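In what follows, a single structure is set out as structure tokens and then discussed.
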Amino acid sequence: MNKNIFRTCVAASSAAMSFGSLHYTANCKAVSISDPDGWVSPNCLVAQACRELKSESPSGYRKLCKVKSEFGWTMEKASVCGMQLKQHVGVYAGDAECFQSMAPMFDKVIMKYHNVDVNVNKAAEEKYEKVTLPALPEGAIASTRIRTARNVKSLPFTVNMTKKERLKLESMMKKVFAGFDNKYLKGSYHPMVGMPEADRVKYIDLHYLYINDDPTLELVGCYDDWPSGRGIFINENQEKGVFIVWVGEEDQLRIMAMAKGSDVQAVWDLFYSGVEAVHKGVKKQGDDFVFDEARGYLSSCPTNIGTGMRASVHVDLPGFPTKQSVKDYVNDPAFGGHYVDIRGTRGEATSTEGVRRYDVSNKARLGSDCVEQITTMVNGVKSLLEYKPPADELEAHVKTALEVVLANPKFAFFKADKSGKKEEILKKAIESLGATSHH
């Protein structure tokens with residue numbers, strides 16, 4: 001989608017437009033940055049932030065709405081997804097400077113999502129030191145995937161890039177990839193422009209390649225000039241795992257490593273050495289990753305700031321019959337307070353009915369570094385694997401509950417009954433409880 005189309009739509013401009021733009025404008029809801037209540041998603045995080053700012057200081061909010069960032073991003077462009085689509089967060093930064101010039105809004109969104117006050121938070125740059133992760137039982141993990149987002153200082157974020165800037169990013173990264181000297185990282189860059197169809201289909205089937213199918217990213221400008229300046233780097237020697245770098249997606253760079261099997265340490269080592277190699281290569285080109293002392297590594301979507309890392313494993317947990325049972329235990333003090341997220345193996349909304357394999361990942365992005373977050377995730381998995389359903393404890397509680405019920409005079413018959421009627425009723429009750437829990 002052309003940026004001019006959605007800008008015109010949001011602003012409801014009466015200026016001259018193409019037929020396509022007129023058609024789009026005629027069919028979209030008239031919205032304004034000044035009226036969050038009228039947005040398609042009036043309760044998304046950015047709408048809440050804007051509403052609060054407007055209430056606190058109407059004049060201050062009007063002034064904020066007129067701000068332009070280093071690369072020309074505005075509050076209106078940042079919030080277009082919350083205005084026009086069903087969203088939870090609804091906001092994107094167009095460049096790193098947005099987090100300063102539009103700080104009142106972005107900091108509120110950050111607080112709502114991460115529960116971290118950037119006024120007191122101290123972020124730390126990655127040191128790339130060797131770390132030994134806690135050991136997990138052999139065969140416990142089905143697969144591991146670790147990814148992070150990074151952006152370079154010299155360019156705006158991908159939602160706000162010109163075609164020339166996209167090609168400049170791609171050109172820089174080709175030089176970075178060519179400079180890899182680690183035998184497990186060396187590989188080839190595959191630009192989307194000119195990519196053979198057979199390769200495109202193969203990489204999509206392998207879940208290596210991203211595509212332009214997200215309406216949110218389309219609206220905010222991420223897919224402008226598609227597919228120019230986009231591509232993927234893939235390592236050649238995959239003995240330790242697959243190492244991939246996406247160029248030109250939601251963030252300028254998505255760096256990831258993945259592998260099947262139980263060796264989480266090997267995937268971590270591949271990932272972290274890869275991030276370091278990319279960082280060194282970027283610096284060699286006279287640039288650097290965008291880093292903020294309070295907000296960490298900056299990303300287009302504020303949900304990914306901090307480390308931008310999601311480290312996840314697919315793990316079989318026989319002690320937990322449903323995803324909700326895992327979530328409940330994670331919130332129990334007995335779990336140990338490890339800050340992890342639980343999903344189905346195909347995403348948050350995945351049904352896990354009849355399946356005891358779950359996706360476990362670090363939940364924090366801001367307020368700690370990559371090493372802390374991967375260690376927390378592994379310790380959380382270890383705790384989940386060690387969990388044993390307390391059958392004896394359950395039996396004791398059931399007996400106590402039954403004694404309390406049978407003490408009621410109206411159930412005196414069942415207290416003395418030897419016909420098996422009591423056991424039959426208990427069996428029906430258990431079956432009914434199980435059926436109810438699935439609704």
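Every number in this text was worked out from the coordinates using simple rules, so none of it is lab data. Keep in mind the model is a prediction, meaning the values are calculated, not measured. Cβ atoms come from the backbone with ideal geometry, glycine included; neighbour counts cover every protein chain shown.
Longest span of the chain, sites excluded, free of GluC sites (Glu not before Pro) in DSSP loop with at most 10 other C-beta atoms within 10 Å?
1-128
How high is the relative contact order of segment 65-161, given as a whole-number percent (alpha carbon pairs under 8 Å, six or more residues apart)?
Normalised by residue count, the contact order of segment 65-161 is 28 percent.
Please report the equivalent ellipsoid semi-axes of the chain, computed as sqrt(5 x eigenvalue) of the Cα gyration tensor, largest first, in whole Å.
Taking √(5λ) for each eigenvalue gives 45, 31, 21 Å, largest first.
How tilted is helix 163-178 with respect to the longest principal axis of the chain? Cα atoms for both, answer in degrees (0 to 90, nearest 10).
70 degrees
Taking other Cβ within 10 Å of each residue's Cβ, how do M256, M172, M111 sort, fewest first?
Arranged by neighbour count, lowest to highest, M256, M172, M111 become M111, M172, M256.
Given a Förster distance of 45 Å, report the FRET efficiency between K127 and S55 from their Cβ-Cβ distance, rounded to the nearest 0.05.
Plugging the Cβ-Cβ distance into 1/(1 + (r/R0)^6) gives 0.60.
For helix 103-114, report the angle its Cα long axis makes with the longest principal axis of the Cα atoms of the chain; keep it between 0 and 90° and round to the nearest 10°.
Approximately 30 degrees, to the nearest ten.
As a test of the formula, what do you get for the chain when each DSSP H run with n ≥ 4 contributes -39,500 (n - 2.57) and the sum is divided by the residue count, at 222 nm and rounded to the nearest 500 deg cm²/dmol?
Theoretical 222 nm ellipticity from helices: -12000 deg cm²/dmol.
When the label point is put 7 Å from the Cα of S34 along its Cα-to-beta-carbon vector, which residues of segment 74-105 have a backbone N closer than 20 Å?
74-84, 105
Mind listing the phi-derived Karplus ³J(HN,Hα) values for segment 205-221, rounded to whole Hz, using 6.51, -1.76 and 1.60 with θ = phi - 60°, and x for any glycine or proline?
Calculated HN-Hα couplings, in order: 5, 7, 6, 8, 9, 8, 10, 9, 10, 9, x, 5, 5, 5, 5, 7, x Hz.
Do the alpha carbons of any pairs in K163/K183; K240/K283; K175/K283; K127/K280; K327/K388; K153/K284 sit beyond 21 Å of each other, and which pairs?
Violating the 21 Å Cα-Cα cut-off are K163/K183; K240/K283.
Using unit Cβ charges (K, R positive; D, E negative) and no other charged atoms, how large, in debye to the nearest 20, is the dipole of the chain about its Cα centre?
So the dipole magnitude of the chain works out to roughly 540 debye.
Trypsin sites (Lys or Arg not before Pro) within segment 95-135: which are DSSP loop residues with at most 15 other Cβ atoms inside 10 Å?
Here the sparse-neighbourhood loop sites are K122, K127, K130.
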